[in-house]
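Asker: Below is a structure I'd like to ask you about.
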Amino acid sequence: MKSKILILEDDLGINNLITMQLQAEGYEVIQAFDGQEAINLFDKTFDLAILDIMVPIKDGFEVLEHIRKSSIIPIIFLTARDEDMDKMRALGLGADDYVTKPFSIVEVVYRCKAHLRRYLNYSNPTNEISDSITHGDIYMQRSTFEATLSQEPLNLSVKEFELLWFFTEHIGQVFTRQQLYEHVWGAEYFGDDNTIMVHISKLREKLGENPKQPKYIKTIKGLGYRMEKL
């Protein structure tokens, strides 16, 4: 079955370019040209969404919030807005990736493939891969994206879930931001520290971590991050 992708982009040329490239890769693509149209089109059959911020009627942030009410699919922002605050807001609301214009269509397709591959692998684990993992009061189940802390739901985004799973699989090991990005995002690292920092900050917040004395995810100065042994 083809993966189904929603594209929200009001520039006809850009929308058609991305659509044609993704269709050439074998994906089913549904186009939207304003935020309200994207909301009306969205349903649980989509596997990924690409959103622009500055679109008519409802902006990309509003569409992101609407999708996150019912879905954990990967969401990539593709926008001319390159301010850090916009990026942090998008990631904080649950976006998985953020690409600024002008962009390479090859890079966009590559990122889509990486996000879809990881999302579908987590949603459909093989028999050889454990479907659940536990560390301290943390419990996670891959097939359902369920994560709890002391039996209370953590309500993680896809990337927060994948990041926490990766840390929990590698307790005691230190990972740089580049290593985390390449392992968890499954894509080439472009020196984008904000993406990692925002996701770890949100993850720590949901775990109830004290930033000065974290129980689970510790910052190793000058190196990266480590999941602590308990």
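Asker: Fewest Cβ neighbours within 10 Å first, please rank Asp52, Asp86 accordingly. Write down the numbers at each step before the final one.
Answerer: Values: Asp52 25, Asp86 19.
Lowest to highest Cβ neighbour count: Asp86, Asp52.
Asker: If each DSSP helix of 4+ residues adds -39,500 (n - 2.57) and the sum is divided by the residues in the chain, what number results at 222 nm, nearest 500 deg cm²/dmol? Write down the numbers at each step before the final one.
Answerer: On the way: 8 runs with 87 residues, N = 230.
The helix-only estimate for the chain comes to -11500 deg cm²/dmol at 222 nm.
Asker: Which whole-Hz couplings ³J(HN,Hα) result when phi for each residue of the stretch 157-163 is put into the Karplus expression 6.51 cos²θ - 1.76 cosθ + 1.60, θ = phi - 60°, listed in order with x for Gly and Pro?
Answerer: Result, ordered by residue: 6, 4, 5, 4, 4, 5, 5 Hz.
Asker: Quick check: the distance between the Cα centres of the stretch 140-189 and the stretch 1-41, to the nearest angstrom?
Answerer: Cα centres, the stretch 140-189 to the stretch 1-41: 28 Å.
Asker: Residue by residue through the stretch 143-153, which ³J(HN,Hα) values in whole Hz follow from phi under the Karplus form 6.51 cos²θ - 1.76 cosθ + 1.60 (θ = phi - 60°), with glycine and proline marked x?
Answerer: 5, 10, 6, 7, 9, 10, 10, 6, 6, 9, x
Asker: Starting at the first residue of the stretch 37-54, write each ³J(HN,Hα) from the Karplus equation 6.51 cos²θ - 1.76 cosθ + 1.60 with θ = phi - 60°, in whole Hz, x for Gly and Pro.
Answerer: Listing the rounded values in order: 4, 4, 4, 5, 7, 5, 8, 7, 8, 6, 10, 6, 10, 10, 10, 8, 7, 8 Hz.
Asker: Enumerate the amide H contacts of Glu146 below 5 Å, restricted to partners 5 or more residues apart or on another chain; note that Pro and chain-start residues carry no placed amide H.
Answerer: Under 5 Å from the amide H of Glu146 lie the amide H atoms of Gln141, each far enough along the sequence or on another chain.
Asker: So, one more: Would you pull out the residues with amide H under 5 Å of Val29's amide H, same chain only if 5 or more places away, H placed 1.01 Å from N?
Answerer: Ile5
Asker: Provide the net charge surrounding Arg226, with neighbours chosen by a C-beta distance below 14 Å and charges set as Lys +1, Arg +1, Asp -1, Glu -1. If you can, show how the numbers build up before the last one.
Answerer: Numbers: positive: Arg177, Arg204, Lys215, Lys218, Lys221, Lys229; negative: Glu169, Glu209, Glu228.
Residues close to Arg226 contribute a combined charge of +3.
Asker: Compute the distance in nm between two label points, each set 7 Å from the Cα along the Cα-to-Cβ direction, one at Arg117 and one at Lys44.
Answerer: Inter-label distance under the simple model: 2.8 nm.
Asker: At a Cα cut-off below 28 Å, give the lysines reachable from Lys113, other chains included and same-chain residues fewer than 8 away excluded.
Answerer: Here the lysines satisfying the reach criterion relative to Lys113 are Lys2, Lys4, Lys44, Lys58, Lys69, Lys87, Lys101, Lys159, Lys202.
Asker: Something else about it: Pop a pseudo-label 7 angstrom from the Cα along the beta-carbon direction at both Thr219 and Asp137 and give the gap in nm to one decimal.
Answerer: It is 2.3 nm.
Asker: Follow-up question, since we're still on this one. Where does each of 107-114, 145-152 land if you order them by average Cβ count within 10 Å, highest first? Walk me through the intermediate numbers first.
Answerer: Values: 107-114: 17.9, 145-152: 13.8.
Those peptides, ordered most packed to least, come out 107-114, 145-152.
None of the figures in this text is laboratory data; all of them are computed from the coordinates on show. Keep in mind the model is a prediction, meaning the values are calculated, not measured. Heads up, the Cβs are rebuilt from the backbone with ideal geometry, glycines too, and the neighbour counts pull from every protein chain shown.
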